[in-house]
């Protein structure tokens, strides 16, 4: 019995339709061997095209889909007309017709936490540059170098008046490289393009931090949002990110007699599991019972802690009221922890572990800050010669 292959459409997000092949009767899946009726092509069209560009995209994509359908039907029903070499070339050509942007989106959807947001941001710039469609067959070094230039010179999606920062461009292009690497691993790309494309060079950013005197000023200064104040000072004493403080529950805290307080948690950003000793002073900012196991274990330690422009206003007012003129964000309290630890002689390896860094190079930025501060201090003593 001949296999009938039909080109069909399935509604997906943002008013788009994904193209797939429908086989009747079902055929064995090339990887699992189980019978299947569907094969998604990694191609999509707009459900309601609004512009000439959208209409052109639909027409060209449907043409590609129909071409794949015809070849697949011929391949299934007339295999004798193809040599083994021709079959392999057809397979490679079909893979080349798949959409790189759709493949990127699927990888982004597998991410979680703050890394997911970063992938989505990268996807937005990729869609803007490609108009949402790019065949794997059209990927080459020139395209990727041009994409690199685009990211280095395009306007930020957050503000049309400013350029996308270089370090954001670094991060987004690295997502593209990671996708190329995975596509080569999956056999979609026949050429390891990722290894031939250099990443964008990162620029060193200034890590603002508070001195111990400034931190003590903040302790003594009232804040319109006492919860935010407690969380910020907890960050300065533990090095925890806002996201980890916000999601922290009492079940993650424990007190061991003779050893002190510990935090057992999974980092939201890196997914790394950490056991972090914290000082009694830091634990005091939780306002919990002496034994954290006496607190409701499923409740948030800093319940009600939120991040928004409105809540940030309280942070800026508190910083200003303490007479501090530095541009301080919540994340600067994490920088403060790292910098003050190094100032006080804690070795960089220990600091790196306490911050949950996977790479010591990430922590070395703080060591440079300390070295610069020491150099400035050394130059303050001058003799009249």
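The values are calculated or read from the model by the stated rules, or taken from the named source; none is laboratory data. Just so it is clear, the structure is predicted and the values come from calculations on it, not from any experiment. Here the Cβ positions follow ideal geometry from the backbone for every residue, glycine too, while neighbour counts run over all protein chains shown.
When region 288-304 is filtered for residues that are under 17 Å from residue 251 (Cβ atoms) and assigned to a loop (DSSP other than H, G, I, E, B), the ones remaining, listed by number, are 288, 289, 290, 291, 295, 296, 297, 298, 299, 301, 302, 303.
Somewhere in region 223-244, is a residue out of contact with any helix residue (DSSP H, G or I) (no Cβ under 8 Å at 6 or more places or on another chain), in the same structural domain as residue 300 (by TED's automatic domain parsing) and surrounded by fewer than 16 Cβ atoms within 10 Å (Cβ to Cβ)?
yes
Scanning region 136-155 for residues being without any contact (Cβ under 8 Å) to a residue 40 or more places away in the chain and surrounded by 14 or more Cβ atoms within 10 Å (Cβ to Cβ) gives a total of 4. Here 178, 183 are screened, and the one residue that is in contact with a helix residue (DSSP H, G or I) (Cβ under 7 Å, 6 or more places away or on another chain) and more than 30 Å from residue 340 (Cα to Cα) is 183.
Listed by first and then second residue, the pairs linking a residue in region 164-181 that is free of Cβ contacts under 8 Å to residues at least 24 places away in the same chain to a residue that is crowded, with 17+ Cβ neighbours inside 10 Å and assigned to a helix (DSSP H, G or I), with Cβ atoms under 8 Å apart and 6 or more places separating them unless they lie on different chains, are 177/194; 181/194. For region 370-383, the count of residues that are free of Cβ contacts under 8 Å to residues at least 40 places away in the same chain, in a helix (DSSP H, G or I), surrounded by 16 or more Cβ atoms within 10 Å (Cβ to Cβ) and assigned by TED's automatic domain parsing to the domain that holds residue 238 is nonzero. I'd like to know if region 164-183 contains one or more residues that are assigned to a helix (DSSP H, G or I), at pLDDT below 90 and more than 23 Å from residue 115 (Cβ to Cβ). Within region 164-183, not a single residue is assigned to a helix (DSSP H, G or I), at pLDDT below 90 and more than 23 Å from residue 115 (Cβ to Cβ). If you check 305, 342 for being modelled with pLDDT under 90 and surrounded by 12 or more Cβ atoms within 10 Å (Cβ to Cβ), only one passes: 342.
Got a number for residues in region 62-90 being farther than 29 Å from residue 13 by Cβ and either modelled with pLDDT of 70 or more or assigned to a helix (DSSP H, G or I) (or both)?
Summing the residues that are farther than 29 Å from residue 13 by Cβ and either modelled with pLDDT of 70 or more or assigned to a helix (DSSP H, G or I) (or both) in region 62-90 gives 16.
Considering region 190-213, the residues that are in contact with a helix residue (DSSP H, G or I) (Cβ under 9 Å, 6 or more places away or on another chain) and closer than 26 Å to residue 261 by Cα include one that is surrounded by the fewest Cβ atoms within 10 Å (Cβ to Cβ), namely 212.
Among the residues that make up region 275-295, is at least one of them within 26 Å of the chain's Cα centre (by Cα), in contact (Cβ under 8 Å) with a residue 60 or more places away in the chain and either within 17 Å of residue 230 (Cα to Cα) or surrounded by fewer than 13 Cβ atoms within 10 Å (Cβ to Cβ) (or both)?
The answer is no, given that none of the residues of region 275-295 is within 26 Å of the chain's Cα centre (by Cα), in contact (Cβ under 8 Å) with a residue 60 or more places away in the chain and either within 17 Å of residue 230 (Cα to Cα) or surrounded by fewer than 13 Cβ atoms within 10 Å (Cβ to Cβ) (or both).
A residue that is in the same structural domain as residue 279 (by TED's automatic domain parsing), outside any helix (DSSP H, G or I), within 22 Å of residue 221 (Cα to Cα) and in contact with a helix residue (DSSP H, G or I) (Cβ under 8 Å, 6 or more places away or on another chain) occurs nowhere in region 333-355. Select from region 245-259 the residues that are crowded, with 20+ Cβ neighbours inside 10 Å and in a strand (DSSP E or B) and list them in ascending order. Matches in region 245-259: 253 only.
Identify, please: which residue in region 1-26 is in a strand (DSSP E or B) and under 29 Å from the mean Cα position of the chain (by Cα) and is, among those, nearest to residue 77 (Cα to Cα)?
From region 1-26, those in a strand (DSSP E or B) are 4-11, 16-26; that's our starting set.
Remaining after also requiring under 29 Å from the mean Cα position of the chain (by Cα): 10-11, 16-19.
Details: 10: 25, 11: 29, 16: 31, 17: 28, 18: 25, 19: 22 Å.
Of everything passing the filter in region 1-26, 19 is nearest to residue 77 (Cα to Cα).
Once region 203-215 is narrowed to residues that are part of a loop (DSSP other than H, G, I, E, B) and modelled with pLDDT of 75 or more, the residue that is nearest to residue 167 (Cα to Cα) is 208.
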